[in-house]
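> Sending over a structure as structure tokens; questions will come in a sec.
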Amino acid sequence: RSENQVYLKGQSPDITKKEDVTTVDIGETIHYTITGTIPDTTGYDNYQYIIKDTLSSGLTFDGNTTVAITDSTGNPSEAPEATIEGQNMTLDLSEWVRNNQKNKG
């Protein structure tokens, strides 16, 4: 029997989500912010950074769903389009992370 060892190169990016309100009435809009750190992709040929979010029961994405990316000082950056399917949003930031390594960490 052979044993394999796995060596982790680092840890997963720390991502947080914060809503702009704690309670809403039917028909009201909730905005939320997802915050993360640009990981160092040095040494990786194929690095994926994909954010997936599923809304709680009773909530739906509206037709005006937009994504905006800003750095820690508030400077905007062009964001890729999110994919929305029902209550699920997927945002693939893989290429964006590779192109913004000057701001890693």
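The values are calculated or read from the model by the stated rules, or taken from the named source; none is laboratory data. Fair warning: this is a prediction, and the values are worked out from it, not measured in the lab. Counting neighbours? That spans all protein chains shown, and the Cβs are built from the backbone with ideal geometry, glycine included. Remember, those area values only see protein heavy atoms, side chains included, never the ligands or the DNA or RNA. Shrake-Rupley method; radii C 1.70, N 1.55, O 1.52, S 1.80 Å.
> Just a yes or no: is a residue in the stretch 42-52 out of contact with any His (no Cβ under 7 Å at 6 or more places or on another chain) and farther than 19 Å from E95 by Cβ?
No - not one qualifying residue is present in the stretch 42-52.
> Moving on. List every residue pair whose Cβ atoms sit under 7 Å apart, with the two residues 6 or more apart in sequence or on different chains, where the first one lies in the stretch 32-54 and is closer than 30 Å to D20 by Cβ and among the basic types (K, R) and the second, anywhere, is part of a loop (DSSP other than H, G, I, E, B) and modelled with pLDDT of 90 or more.
none
> In the stretch 56-77, what count of residues is obtained for those that are under 14 Å from the mean Cα position of the chain (by Cα) and part of a loop (DSSP other than H, G, I, E, B)?
4
> Select, from D45, D53, D25, D92, the only residue that is surrounded by fewer than 11 Cβ atoms within 10 Å (Cβ to Cβ), closer than 18 Å to P13 by Cα and among the acidic types (D, E). Lay out the reasoning, then the answer.
Values: D53 fails: surrounded by fewer than 11 Cβ atoms within 10 Å (Cβ to Cβ); D25 fails: closer than 18 Å to P13 by Cα; D92 fails: surrounded by fewer than 11 Cβ atoms within 10 Å (Cβ to Cβ).
Just one listed residue meets the conditions, D45.
> Let me ask something else about it. Checking D40 against (1) farther than 30 Å from K102 by Cβ; (2) surrounded by 11 or more Cβ atoms within 10 Å (Cβ to Cβ), which single condition isn't satisfied?
Every condition holds for D40 apart from (1).
Residue by residue, here is whether (1) in contact (Cβ under 8 Å) with a residue 40 or more places away in the chain; (2) under 29 Å from T23 (Cα atoms); (3) open to solvent by less than 60 Å² (accessible area, probe 1.4 Å); (4) in contact with a Ser or Thr (Cβ under 8 Å, 6 or more places away or on another chain) holds:
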| position | (1), (2), (3), (4) |
| --- | --- |
| N64 | no, yes, no, no |
| D71 | no, yes, no, yes |
| N75 | no, no, no, no |
| E78 | no, no, no, no |
| E81 | no, yes, no, no |
| K102 | no, no, no, no |
